[in-house]
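Coordinate-derived values only; no laboratory data. Since this is a predicted model, take the numbers as computed values, not measurements. Note that each Cβ is placed from the backbone with ideal geometry, even for glycine, and that neighbours are counted across all protein chains shown.
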């Protein structure tokens, strides 16, 4: 493995890593870089106020009635101004799509539960449950099998 550090005050800061595969180390590096860059929080709104919500506190991001919400570790909902696809590009790799209208923080997933009807729900540490589509569940299984 090689490491190169170039200090040039005239250029925008950029971190590029060329690796053979994603590992726990690459996830830690990504989290560290995102945190350092100040991109570890997002502006979230309640009915009365707004707050900076840390990515690590977000359990799930979902679209309800055409509006995007973040559910935090205390099972509280916060309104987000961004659309889901914009958030997907902004969030770290620990956020995975679990259905057409939801992203889950895999670090905050407690378990997957099979319902009586045979579908699968993602159960988060705060108790919130969200439906997992069959296509996304297959991708999640492949992702976890690769780790």
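Judged by the ratio a/c of the largest to the smallest principal axis of the C-alpha gyration tensor, the stretch 24-146 counts as oblate, that ratio being 1.5 or greater while a/b is no larger than b/c. Figure legend: label point modelled 7 angstrom from the Cα of residue 28 along Cα→Cβ; no residues of the stretch 90-106 have amide N under 15 Å from it. Remark: spin-label model distance residue 117-residue 75 equals 2.1 nm, labels positioned 7 Å along the Cα→Cβ axis. Angle of helix 24-36 to the longest C-alpha principal axis of the chain, folded into 0 to 90 degrees and rounded to 10: 80°. Placing pseudo-labels 7 Å out from each Cα toward the beta carbon at residue 106 and residue 13 gives an inter-label distance of 2.7 nm. For the options 29, 58, 42, a Gaussian network treatment of the chain with springs between C-alpha atoms closer than 10 Å singles out 29 as fluctuating the most. A crude spin-label estimate for the pair residue 1 and residue 88, with each label 7 Å from Cα along the Cβ direction, gives 3.0 nm.
Relative contact order of the stretch 24-146: 17 percent, from C-alpha pairs under 8 Å at least 6 residues apart in sequence.
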